[in-house]
Amino acid sequence: MTESSLLWGLLFGSIGVGFALYGKRQRAPVPLLCGLALMIYPYFIPNVFALVAIGIVLMGIPYFFRL
């Protein structure tokens, strides 16, 4: 792992914790699942550009899909 992938993983993991807490408290499944995905996926993506792209997509999903 490179330093940049660790920092991006920390950033997206922190945002994921916020999404997960919000989704749990509001009983909203989309933010909860996106938050869990944001916390988990950085461990499996070695490419920094893919890491950032997937993170941006996962952060945008709750905005466009509200249940």
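For the chain, the convex hull drawn through the C-alpha positions has a volume of 60 cubic angstrom per residue. In this structure the chain gives 72 Å² per residue of accessible area when probed at 1.4 Å with all protein chains present. On the basis of the beta-carbon distance and an R0 of 22 Å, S4 and I40 show a calculated FRET efficiency of 0.70.
The peptide list 9-19, 44-54, 24-34, put in order of mean Cβ contacts within 10 Å with the highest first, becomes 9-19, 24-34, 44-54. Could you work out how far helix 3-26 tilts from the main Cα principal axis of the chain, as a 0 to 90 degree angle to the nearest 10? Taking Cα atoms only, the helix is inclined about 10 degrees.
Based on Cα contacts under 8 Å between residues 6+ apart, the chain shows a relative contact order of 36 percent.
Using only Cα atoms, tell me the angle between helix 48-64 and the longest principal axis of the chain; keep it within 0 to 90° and round to the nearest 10. So the inclination is approximately 10 degrees. On a 0 to 90° scale, report how tilted helix 29-40 is relative to the longest principal axis of the chain, with both axes built from alpha carbons and the result rounded to the nearest 10. Taking the Cα atoms of the chain, the angle to 29-40 is about 20 degrees.
The values are calculated or read from the model by the stated rules, or taken from the named source; none is laboratory data. Given the structure is predicted, the values throughout are model-derived calculations rather than measurements. In this analysis, Cβ positions are derived from the backbone assuming ideal geometry, glycine residues included, and neighbour counts consider all displayed protein chains. These accessible areas exclude ligands, DNA and RNA; they are computed on the full protein's heavy atoms, side chains included. Shrake-Rupley method; radii C 1.70, N 1.55, O 1.52, S 1.80 Å.
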